[in-house]
1. Which of the residues spanning the range 66-81 are of a type in the set (S, T, N, Q) and crowded, with 23+ Cβ neighbours inside 10 Å?
2. How many residues does the range 135-153 contain that are within 14 Å of residue 186 (Cβ to Cβ) and part of a helix (DSSP H, G or I)?
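The values are calculated or read from the model by the stated rules, or taken from the named source; none is laboratory data. Every value quoted in this text rests on a predicted model; they were computed, and no experiment measured them. Cβ coordinates were reconstructed from backbone atoms using ideal geometry, including for glycine residues, and neighbour counts include every protein chain displayed.
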Amino acid sequence: MNLFVIADVVSWSALMVSLTAATVLSILAFLKPRSTYLWFAAGTLSVALIAAATISGPSGMGFAPLVTILGFTAAVFGGSPAASTALDLAMRGSVAPGIHGGIIVTERLSAEEQRMGVVTPARREVLRGGLTIGVLERIASAGAIIAGFPEALAIVVAVKGVGRFTELEAPESRERFIIGTFASLIWACAAALVVHLALR
């Protein structure tokens, strides 16, 4: 047996085991939010990425559909826990959660309100529906990379930014939007890149 063939068999084996583990752990982290699941998913996804990068040729065993399904599933489900963990690390509970999945921000008093003697500023929930938007964002991003059209990422980010533009006046919402979006997209892109590298 050729040395390159042996190396490819080892790489494909490592890829399939680690990508399967990353997918299962991503789904667990999505359904039962625990940072332990996410960290193990990140580790196994890293192994899958390295294994995919070392593959020199096709498997010949018809793994392409399975790799695509596993990578796409890991991308979609793992992004939410990745974003939540990044936000927890960055915000440390300094922002009150809203009842619709957003955050509660305090609006600034206008000059007229101050003249009228208003002392308690209004509070409102912004960035509502972030979980659903994040899932749709990762479906589009991972699908674009797997399909070989990474330019579509610019469209995804632009649409999301335009849709949230009016909610980004408060510093808390800007920070949360940027951190959550980057963490979600990095995860989705990493999982999709595994598929792209393995099937190139």
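1. 80
2. Summing the residues that are within 14 Å of residue 186 (Cβ to Cβ) and part of a helix (DSSP H, G or I) in the range 135-153 gives 6.
Residue-by-condition table, conditions (1) within 21 Å of residue 142 (Cα to Cα); (2) without any contact (Cβ under 8 Å) to a residue 24 or more places away in the chain:
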site	(1), (2)
3	no, yes
28	yes, yes
31	yes, yes
42	yes, no
48	yes, no
51	yes, no
63	yes, no
73	yes, no
77	yes, no
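So that you can scan it fast, the table gives a plain yes or no per residue for (1) surrounded by 14 or more Cβ atoms within 10 Å (Cβ to Cβ); (2) within 15 Å of residue 196 (Cβ to Cβ); (3) modelled with pLDDT of 95 or more:
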{"site": "17", "(1), (2), (3)": "yes, no, yes"}
{"site": "26", "(1), (2), (3)": "yes, no, yes"}
{"site": "41", "(1), (2), (3)": "yes, no, yes"}
{"site": "45", "(1), (2), (3)": "yes, yes, yes"}
{"site": "55", "(1), (2), (3)": "yes, yes, no"}
{"site": "61", "(1), (2), (3)": "no, no, no"}
{"site": "64", "(1), (2), (3)": "no, yes, no"}
